[in-house]
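To start, the structure under review is shown below, and the notes come after it.
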Amino acid sequence: MTATLYRTPHSPSTVTASTAAAGYAATNVLTTSIGRPWRSTTTGSSTLIVNLGSSKAVVGIAVNHINASSVTVHADNSATPTTSRGTLTSYADEQGRRKGLLAFSATVRYLMLTFSGTPTDAAAYWTAGSVYVFSASGALPRDPLMGSDQSVDYPQLTQRLPNGQTLRIDRGVSRMSVRLRFNGRITDDIAALARYARSGKVWLDMGLPTAQGCQWPLTHVDDGITRQWAGHNREPMTIPLLELA
């Protein structure tokens, strides 16, 4: 496992789509909320074009909440880019939410995602919740330890009814909580992960070949982190992170 952190996302000036259903505009993918995604009006070949506003250095593009098993990516300085950068493959996590990232290095203004084939959820449209275009990436100073964990958080209310039944009231989309444990050297700046996640949007790919759904857009919302002085040249640390959804 080699975990990679993508950070410092660009702020696109706009996003356009070949088609968009009413209330599901292409610009919806510029927010972290996946509750109102972009949605096409067809399952035919469809495109999303992200305009960065000017030519900028890019190291990768990621999508959260997508119903395509893969999308092709073109990117260059043309308003309708023709330079192929590869295929972004999506993977499902424990929520059943599909997401993926394509790493490439280029200086571009426009990035185009092309959807084709058959939607993975048998819907009558293509959909994408959030799109991130990153300008920097790098491996963590130390990979997370075995014993790190993830859990699905469901925002809901439960009400026990007089007839003995329990009613569940969903209050929004689920999101993943990730607790990463490290045992780094004194010189390892592991806390940089929390600082990046607090200062902006990040995407963490755990680099697990057999669990490629273990990648998420994340933020750090807890009120602190603790680093232990446990032994010679070893300082355990746990960093809790929450999926942006």
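The values are calculated or read from the model by the stated rules, or taken from the named source; none is laboratory data. As the structure is a prediction and not an experimental result, all values here were calculated from the model. Glycine also receives a Cβ, built like all others from the backbone with ideal geometry; neighbour counts cover every protein chain displayed. SASA here: full protein model, heavy atoms, side chains in, ligands and nucleic acids out. Shrake-Rupley method; radii C 1.70, N 1.55, O 1.52, S 1.80 Å.
Summing charges over all other residues whose Cβ lies under 15 Å from the Cβ of SER70, with Lys and Arg as +1 and Asp and Glu as -1, gives +2.
State the Cα centre-to-centre distance between region 116-150 and region 1-53 in whole Å. For region 116-150 versus region 1-53, the Cα centre distance is 13 Å. Computed on protein heavy atoms with a 1.4 Å probe, the accessible areas place HIS220, HIS10, HIS65, HIS232 in the order HIS232, HIS65, HIS10, HIS220, largest first.
Here the 3J(HN,Hα) profile of region 163-180, calculated from phi with Karplus coefficients 6.51, -1.76 and 1.60 at θ = phi - 60°, is 7, x, 7, 10, 9, 9, 10, 6, 10, x, 7, 6, 8, 8, 9, 10, 10, 9 Hz, Gly and Pro shown as x. Relative to the current alpha-carbon distance between ILE186 and THR226, full extension at 0.36 nm per residue lengthens the span by 13.0 nm.
Of the residues ALA197, GLN212, PRO155, the one whose Cα sits farthest towards the positive end of the charge dipole of region 137-239 is PRO155 (charges of +1 on Lys and Arg Cβ, -1 on Asp and Glu Cβ, taken about the Cα centre). Only Lys, Arg, Asp and Glu carry charge here, each on its Cβ (+1 for the first two, -1 for the last two); on that basis the chain has a dipole of about 260 debye about its Cα centre. For the chain, modelled as a GNM whose springs connect Cα atoms under 10 angstrom apart, the maximal fluctuation among GLN159, GLN215, GLN95 occurs at GLN159. Each residue of region 204-220 was assigned a 3J(HN,Hα) from its phi angle through the Karplus expression (A = 6.51, B = -1.76, C = 1.60, θ = phi - 60°), giving 10, 9, 5, x, 9, x, 9, 8, 6, x, 7, 8, 8, x, 10, 9, 10 Hz with x at Gly and Pro.
What number comes out for the charge environment of VAL58, summing +1 per Lys or Arg and -1 per Asp or Glu over other residues with Cβ under 10 Å away? Within the 10 Å Cβ shell, the charges total +3. Modelled spin-label separation between ALA22 and SER45, with each label point placed 7 Å from Cα along the Cα-to-Cβ direction: 3.0 nm.
Per-residue surface analysis assigns PHE182 an accessible area of about 0 Å², computed on protein heavy atoms at 1.4 Å probe radius. Relative to the current alpha-carbon distance between ASN77 and VAL152, full extension at 0.36 nm per residue lengthens the span by 23.0 nm. Note on ARG234 and ASP143: their simple-model spin labels are 1.7 nm apart, each label 7 Å out from Cα toward Cβ.
Using a simple spin-label model with pseudo-atoms 7 Å out from Cα toward Cβ, ALA124 and THR14 lie 2.9 nm apart.
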